[in-house]
Amino acid sequence: MARRRGQQRGYVHQQGSMWYVAYREDAVDSEGQIIRVRRNVRIANAKEVSKREAQRIAREILSRVDEQAMRPDSLTTLGDFIANRFQPDVVWALKHWEETLSIHSRQTHHPGTWRF
């Protein structure tokens, strides 16, 4: 089955007697820029857990990481969202819709002629 967009597989590997999963996630640096950070997380003891079980544990960890990455509040502030997304897209569309509505209302003669 194909992976959905925004879903990581990670890399499960053994270092010494432990299983690790390596993956990347977005983070915000001190200047406010979004950067990619490589994480290497210990998940299990290699003597007690097979690689297949380690992969299952890694999927659980990565699903939580992917869930956090898909949240809109994870990397942007409300002020940035309003300035960069809401005002250019939504406000413009509302103004355009109001202009279209006012043109349409001027073209109709009387509310009694409207059909529903």
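Within segment 18-45, how many residues turn out to be in contact with a strand residue (DSSP E or B) (Cβ under 9 Å, 6 or more places away or on another chain), without any contact (Cβ under 8 Å) to a residue 40 or more places away in the chain and more than 20 Å from residue 60 (Cα to Cα)? So that I can check it myself, show each step before the final result.
Of the residues in segment 18-45, the ones in contact with a strand residue (DSSP E or B) (Cβ under 9 Å, 6 or more places away or on another chain) are 18-29, 34-45.
Adding the requirement that they be without any contact (Cβ under 8 Å) to a residue 40 or more places away in the chain leaves 18-20, 22, 24, 27, 29, 35-45.
Of the ones still in play, those that are also more than 20 Å from residue 60 (Cα to Cα) are 27, 29, 35-36.
Total satisfying the criteria: 4.
Only a single criterion out of (1) surrounded by fewer than 11 Cβ atoms within 10 Å (Cβ to Cβ); (2) modelled with pLDDT under 80; (3) not in a loop (DSSP other than H, G, I, E, B) is not satisfied by residue 116, namely (3).
The values are calculated or read from the model by the stated rules, or taken from the named source; none is laboratory data. Just so we're clear, the structure is a prediction, and the values are computed from it rather than from any experiment. Positions of Cβ are generated from backbone atoms using ideal geometry, with glycine treated the same way; all protein chains shown enter the neighbour counts.
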